[in-house]
Amino acid sequence: MNCIRTKMFTVLATMLVCFSMMGQSKQKFKVVLDPGHGGKDTGTNHLKNVEKDIVLAVALEVGKILEKQSDIEVFFTRNKDVFVEVRDRSVLANNANGNVFVSIHCNGVNAEVASGTETYVMGISKNKNNLEVAKKENSVIMMEDNYKTKYSGFNANAPESIIGLTLIQEDYIQQSIDLASRIQDGFTYDLKRKNRGVKQGPFWVLHGAFMPSILIELGFVSNKEEGSYLTSSNGQKELAQSIAKGIISYKNAYYGGTGNITVERTETPKVETKTSAVEKDTVKEEPAKVAEKTNVKKGIVFKVQIAASGTVLALKPQNFKGLSNVSMEKGVKINKYYYGDTNDYEVAKKNLVEAKEKGHGSAFIVAFKDGKEIKVDEALKQ
């Protein structure tokens, strides 16, 4: 009798372990959406276009779209008009064990000519425009009680204080850049918005999130036409669809799945694209529509980025999980490591598969023309 009970207990225990493993294998991909500002912090306001209202509407719409995916779970740092302290936003993301953190904002300057979307990842930048955007987004800290204690005397108006932010996000920089690129490409190619690029900036809200994290600037509320687009229900729906599509694409690439959505674009208002002298050094013109693709691209080099770190590593196979033919591009703060070197996109895709099989799960393809990095989509239309 005891023998039978023991066998039954063993069978039940085995079944419980199996069910537990099945539950873990079907764990949902967690997206933390952070509508910037809120409550007493209205964000940037121009022409009656209020940032906190726009980003909340877009974030809620993104969440609504993502929640229709059976393998995605959505968390919000705020889902109504309330003030949430900057540091609490990343704490909420970490407590939710998020897989990605997406902070949504709008730009605004004292000039109507500026327009376009841009997406940031955490980093130290010497670019004046990038620092100005970060300074403006970081300034909300001054509204918090005891901010000097909470942020160790951080001063949003002092450049040395901004540059003093440590790069906690370094471990996630590759994935952050990839996620940012997918979303920025959606704005550019699907919505035909002016492309200001993927950039780095010292944002406190990204600083403490222990996951791939990005900050999106949807456009300029200070631009009359673009401000109207940002406050319109059609504009907010299109931007939300594009963001959701980028997140799903990233999830499929790193975590599996085949989910997808279609971005339904309506006729958008004409936006003034005149470039002011202040922004000429950073604004990228919108790329033309992708032409018919061929595999071999003369003058184009494809590489697979396998790592990005502040540490200089010897280019030995043992440092890159057995991969040889690794090169390094030295940066001011971040060094990028690449595997392979080919002008055949199909070969690059095979190199990507090999890199991932070796254990570089966050690897992705990058393209270069005349030694300068360009978008892969731009390279494929050459």
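A few points about this structure:
One line per residue, one yes/no per condition, for (1) of a type outside the set (Val, Ile, Thr); (2) crowded, with 19+ Cβ neighbours inside 10 Å; (3) modelled with pLDDT under 95:
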position: Lys28; (1), (2), (3): yes, no, yes
position: Val31; (1), (2), (3): no, yes, no
position: Ala59; (1), (2), (3): yes, yes, no
position: Ala93; (1), (2), (3): yes, yes, yes
position: Val102; (1), (2), (3): no, yes, no
position: Val109; (1), (2), (3): no, yes, yes
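- When restricted to residues that are among the hydrophobic types (A, V, I, L, M, F, W, C) and within 12 Å of the chain's Cα centre (by Cα), region 174-231 contains 10.
- Of the helices (runs of 4 or more DSSP H) lying entirely inside region 166-277, those containing at least 3 residues that are modelled with pLDDT of 90 or more and of a type outside the set (Lys, Arg) are 173-185, 224-231, 233-255.
- Within region 237-247, the set of residues being out of contact with any Gly (no Cβ under 6 Å at 6 or more places or on another chain) and crowded, with 23+ Cβ neighbours inside 10 Å comprises Glu238, Leu239, Ala240, Ile243, Ala244, Ile247.
- Number of the exception - Ala314 against (1) in contact (Cβ under 8 Å) with a residue 24 or more places away in the chain; (2) exposed (fewer than 14 other Cβ atoms within 10 Å of the Cβ); (3) of a type outside the set (Ser, Thr, Tyr): (1)
- The lone exception for Glu285 - which of (1) open to solvent by 90 Å² or more (accessible area, probe 1.4 Å); (2) modelled with pLDDT of 85 or more; (3) touching a strand residue (DSSP E or B) at 6+ places or on another chain (Cβ under 8 Å) it fails: (2)
- Selection over region 338-358 of residues that are surrounded by 16 or more Cβ atoms within 10 Å (Cβ to Cβ) and among the hydrophobic types (A, V, I, L, M, F, W, C) gives a count of 3.
The values are calculated or read from the model by the stated rules, or taken from the named source; none is laboratory data. Remember, it's a predicted structure, so these values are computed and weren't measured experimentally. Note that we place each Cβ from the backbone using ideal geometry, even for glycine, and neighbour counts take in every protein chain shown. Just so you know, the surface numbers come from the protein's heavy atoms only, side chains and all, with ligands and any DNA or RNA stripped out. Shrake-Rupley method; radii C 1.70, N 1.55, O 1.52, S 1.80 Å.
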